[in-house]
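One structure is given below, encoded as structure tokens.
The values are calculated or read from the model by the stated rules, or taken from the named source; none is laboratory data. Predicted model, so just to flag it, every value in this text is computed and none were measured. Here the Cβ positions follow ideal geometry from the backbone for every residue, glycine too, while neighbour counts run over all protein chains shown. To get the accessible areas, we keep the full protein, side chains included, count just its heavy atoms, and leave off ligands, DNA and RNA. Shrake-Rupley method; radii C 1.70, N 1.55, O 1.52, S 1.80 Å.
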Amino acid sequence: MHNLPWLEANSIDFPSVSTALSDPNGLLAAGGALTPRSLIKAYSLGIFPWFEEDQPILWWSPSPRLVLYPNELHVSKSLNKILKRQPFRVTTNQCFHRVMQACAEPRLNQEGTWITDDMLDAYQQLHERGFAHSVEVWDGETLVGGLYGIAMGNIFFGESMFSRQSNASKIGFVTMVSALQKQGYSLIDCQVHSEHLSSLGAREIPRSIFCDELKRQIKPSNQPVNWINNEDLQLF
């Protein structure tokens, strides 16, 4: 990592994503700060932070990039049957911090978490500014699944999801995608390959095409975009 470009604390001058390492895939720079200003700039360029507690801030822009075009959402017959039963209630922005904390909980066969306290604080600030959003999945009054990410332009940058009951995160994701499609969102960033998301229609595209999409969709302003409301989160 000593050969990586190092960002000063107040800098938002990220290197060109074309200089990102291929091994590990997409590692671009280190250092900088997790301020709302730097995060907004990073996402607009196709860059996101990912690092562990004992590491400096690491910035990534992998290629290929896993994305989902909302009109390519794939709902299997078995999942469709479950959705029609409406086993859960889906909401948005009801408990952003709790969703991030749940996403940070240790997973099976995984030590530690990349959602550090600094990440929690940084994305909470983005949430308070109208850029970061959560989707919650409820069984009665119990939070059983959810996800969070960043909305800019007509693009949603998914960050992480969790599930405490079977299909909870899938139902939250599918419900959100359906609502985003109705609102005119054109792309959902899923970052890197995942069998879970690929089964729902996500596919890999070259980083250059992904960045071209960002240039078309994201205007050079620091204003949050319209987000879905709870009335939109209905499939049937």
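Out of Q86, Q55, V99, whose Cα points farthest toward the positive end of the dipole of the chain (charges: +1 Lys, Arg; -1 Asp, Glu; placed on Cβ)?
So the residue furthest toward the plus end is Q86.
Need the full-extension length gain, N25 to I12, defined as separation in residues times 0.36 nm minus the C-alpha distance. One decimal, nm. Numbers along the way, then the final one.
Working: separation 13, 0.36 × 13 = 4.68 nm, distance 2.16 nm.
Residue separation times 0.36 nm, minus the Cα-Cα distance, leaves 2.5 nm.
So what is Rg over Rh here for segment 15-125, counting just Cα atoms and using Kirkwood for Rh?
Working: Rg = 17.3 Å, Rh = 16.8 Å.
Rg/Rh: 1.03.
I'd like the GluC sites (Glu not before Pro) in segment 1-107 restricted to DSSP loop residues with at most 16 other Cβ atoms within 10 Å, sorted by number.
The qualifying sites are E8, E52, E53.
Sorted by average packing, counted as other Cβ atoms within 10 angstrom per residue and highest first, what order do 36-42, 207-213 take?
Numbers: 36-42: 19.3, 207-213: 17.3.
The packing order, highest mean first, is 36-42, 207-213.
Taking the Cα of Q234, stepping 7 Å toward and past its beta carbon, and measuring to each backbone N in segment 147-184: which are under 16 Å?
Inside the label zone: 175-176, 178-180, 182-183.
Looking only at S61, S78, S186, which one moves most when the chain is put into a Gaussian network model with springs between Cα atoms under 10 Å?
Result for the chain, Cα springs under 10 Å: S78 fluctuates most.
With an 8 Å cut-off on Cα pairs and a minimum separation of 6 or more residues, tell me the relative contact order of segment 43-178 in percent. Could the numbers behind the result be given before it?
On the way: 185 pairs, mean separation 30.4, N = 136.
Relative contact order of segment 43-178: 22 percent.
If the chain were replaced by its equivalent ellipsoid, with semi-axes equal to the square roots of 5 times the Cα gyration tensor eigenvalues, what would those be, largest first, whole Å?
Square roots of five times the eigenvalues give 29, 19, 17 Å.
Using 21 Å as the Cα-Cα cut-off, could you pick out the over-long pairs in K41/K170; K41/K182; K41/K215? Intermediate values should be presented prior to the final figure.
On the way: K41/K170 29 Å; K41/K182 27 Å; K41/K215 12 Å.
Correct reply: K41/K170; K41/K182.
How large is the accessible surface of W50 in square angstrom, using a 1.4 angstrom probe and rounding to the nearest 10?
90
Taking 7 Å along the Cα-to-C-beta vector as the label spot, tell me the E204-N226 distance in nanometres, rounded to one decimal.
Here the modelled spin labels are 3.6 nm apart.
Could you please report the charge total around L147, scoring K, R as +1 and D, E as -1 over all other residues with beta-carbon less than 12 angstrom from its beta-carbon?
After counting each charged neighbour, the total is -1.
If I build a Gaussian network model for the chain, linking alpha-carbon pairs within less than 10 angstrom, which residue out of G184, G130, G32 has the largest mean-square fluctuation?
G184
Using a/c under 1.5 as the rounded threshold, could you call segment 119-223 rounded, prolate or oblate? The axes a ≥ b ≥ c are square roots of the C-alpha gyration tensor eigenvalues, and prolate needs a/b larger than b/c, oblate otherwise. Please report the intermediate quantities before stating the final value.
On the way: a/c = 1.90, a/b = 1.30, b/c = 1.46.
Here segment 119-223 falls in the oblate category.
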